[in-house]
Amino acid sequence: KAGVTQTPRYLIKTRGQQVTLSCSPISGHRSVSWYQQTPGQGLQFLFEYFSETQRNKGNFPGRFSGRQFSNSRSEMNVSTLELGDSALYLCASSLGPGSGNTIYFGEGSWLTVV
Amino acid sequence: SQKIEQNSEALNIQEGKTATLTCNYTNYSPAYLQWYRQDPGRGPVFLLLIRENEKEKRKERLKVTFDTTLKQSLFHITASQPADSATYLCALDPPRYGNKLVFGAGTILRVKS
């Protein structure tokens, strides 16, 4: 079956703009989480959604937001972009939100802020 | 504060040898620990999950151990191959936090032929 699909794969934005990234989970998976990966900070948890509800949130400013739709697809949005937001944004899906579920990552969206 | 450390930034070994990667953590009581492989420019790929009540888990040439007393996990790749060259990440899966994985910085493994 198809894996986690993220779009767009690459994008360049200007400081102050906003960006929306999209994620389609593996069919049947209802939990979607987002991570930011940078060379300096590594992989950091942004937030997790299950049944259209945010269950967990990482330590990121309010400029980072997300949502999940009834078909489990998810989007994340970053407003007022800063240079430091340049990163690989990874979406991951799993069957459910409980600990111990295997988590499958997409290939990520590379965001460059100039 | 909570911390996860992977033993080294890079590990170079000869083809055919066993690679051993270390993951240490402090101020956690994880229920699970997971290992992922990540190739440049790609998303992490799940390899193995081990539960706190399991000492060891194997999958083909991979073996993971989990010592909750030492707060350490060891990840072994036996009969390593150049194709095993990648970054390996350990991640803690704290109980009651759903899928909020906490990742180590990763170890770059280079297997030379």
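The values are calculated or read from the model by the stated rules, or taken from the named source; none is laboratory data. Source: prediction; values computed, not measured. Virtual Cβ from ideal backbone geometry, glycine too; neighbours counted across all protein chains shown. When the accessible area is computed, the model is the full protein with side chains, heavy atoms only, and any ligands, DNA or RNA have been set aside. Shrake-Rupley method; radii C 1.70, N 1.55, O 1.52, S 1.80 Å.
Just to be sure I understand, how many residues within segment A:10-39 are out of contact with any helix residue (DSSP H, G or I) (no Cβ under 9 Å at 6 or more places or on another chain) and either open to solvent by 60 Å² or more (accessible area, probe 1.4 Å) or β-branched (Val, Ile, Thr) (or both)?
Total meeting the criteria: 11.
Which of the strands (runs of 3 or more DSSP E) found entirely inside segment B:33-96 contain at least 2 residues meeting this: away from every other protein chain (no Cβ under 13 Å), within 10 Å of the chain's Cα centre (by Cα) and at pLDDT 90 or above?
Output list reads B:62-67, B:72-77.
Name every residue in segment A:4-61 that is among the aliphatic types (A, V, I, L, M) and under 16 Å from residue A:112 (Cα atoms), in order of residue number.
Once the filter is applied, which keeps residues that are among the aliphatic types (A, V, I, L, M) and under 16 Å from residue A:112 (Cα atoms), segment A:4-61 yields A:11, A:12, A:19, A:21.
Could you say which residue among B:20, B:26 is farther than 12 Å from residue B:87 by Cα, under 10 Å from the mean Cα position of the chain (by Cα) and more than 12 Å from every other protein chain (Cβ to nearest Cβ)?
Just one listed residue meets the conditions, B:20.
Looking only at segment A:89-114, which residues are surrounded by 20 or more Cβ atoms within 10 Å (Cβ to Cβ) and more than 25 Å from residue B:29 (Cα to Cα)?
Correct list: A:89, A:90, A:91, A:106, A:108, A:109, A:111.
Is it true that residue A:72 is in contact with a strand residue (DSSP E or B) (Cβ under 8 Å, 6 or more places away or on another chain), small (Gly, Ala, Ser) and more than 8 Å from chain B (Cβ to nearest Cβ)?
So residue A:72 fits the description; yes.
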